[in-house]
């Protein structure tokens, strides 16, 4: 639907610590702010026109700039909650699209929150960074070797080849001592594909790979499988049934 009439597309939403909801309509270049009960409060300008992925952290709005054509000037733009641009982080991964045709490869960036901190992982980097005082600081490396998508590969191969030979990130979060990472690999159109998930310890050598669509088998009481989706707190993982 189109309601309320002031926006057409809800590209992303997030909720601040007071319960206020921020919604961005990237094509109209604006954020809408709503109260906890859904009452419209105000609008303010987004930092660019186009699809916007964002999260709130440290009373700032961290916006990711989608880069289908490989020529975006910036990867992240930080604004305050009035829309004033505070800082921009240059795009470190420019490329020229294969045969000049822009293509989407899924999620170019993953956001998640853990222990009251915001983390990001870009598709072209093995490193997870945390946002801290207007800087992105290295946090953890997910070593994927030659399966890591690169700007060079974006320029040399078509979407089918990229999907079959490189990892495409889907979902990422931490809980307790563990990291959970969903991705596709060897993805072929028109066939049954596996959504992979990696679960690894941050302090031991424990590692496990599962079919994320099937989830974790409940061998305690024979109930439905557990499909991790997000966390409630450091020790509580939430599943869909």
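The values are calculated or read from the model by the stated rules, or taken from the named source; none is laboratory data. Remember, predicted model here, so these are calculated numbers, not experimental data. Here the Cβ positions follow ideal geometry from the backbone for every residue, glycine too, while neighbour counts run over all protein chains shown.
Structure data summary
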{"quantity": "Pair list, Cβ under 7 Å, 6 or more apart: segment 108-122 residue more than 19 Å from residue 70 (Cβ to Cβ), other residue modelled with pLDDT under 95 and surrounded by fewer than 21 Cβ atoms within 10 Å (Cβ to Cβ)", "calculated": "115/234"}
{"quantity": "Segment 99-127: number of residues that are at pLDDT below 95 and in contact with a helix residue (DSSP H, G or I) (Cβ under 7 Å, 6 or more places away or on another chain)", "calculated": "2"}
{"quantity": "Candidates 118, 56 - the one that is under 21 Å from residue 231 (Cα atoms) and assigned by the TED database to the domain that holds residue 174", "calculated": "118"}
{"quantity": "Candidate set: segment 167-187, residues that are in a loop (DSSP other than H, G, I, E, B) and out of contact with any helix residue (DSSP H, G or I) (no Cβ under 6 Å at 6 or more places or on another chain); chosen: the one surrounded by the fewest Cβ atoms within 10 Å (Cβ to Cβ)", "calculated": "177"}
{"quantity": "Evaluation of residue 191 against (1) surrounded by fewer than 20 Cβ atoms within 10 Å (Cβ to Cβ); (2) modelled with pLDDT of 95 or more; (3) part of a loop (DSSP other than H, G, I, E, B) (one fails), failing number", "calculated": "(2)"}
{"quantity": "Filter pass, residue 232 being loosely packed, with under 12 Cβ neighbours inside 10 Å, outside any loop (DSSP other than H, G, I, E, B) and either at negative phi or under 20 Å from the mean Cα position of the chain (by Cα) (or both)", "calculated": "yes"}
{"quantity": "Number of the condition not met by residue 203 [criteria: (1) in a strand (DSSP E or B); (2) modelled with pLDDT of 95 or more; (3) more than 30 Å from residue 101 (Cα to Cα)]", "calculated": "(1)"}
{"quantity": "Within segment 76-128, strands (runs of 3 or more DSSP E) holding 1 or more residues that are exposed (fewer than 13 other Cβ atoms within 10 Å of the Cβ) and more than 14 Å from the chain's Cα centre (by Cα)", "calculated": "85-90"}
{"quantity": "Residues being at pLDDT 95 or above and in a loop (DSSP other than H, G, I, E, B) - total across segment 1-17", "calculated": "1"}
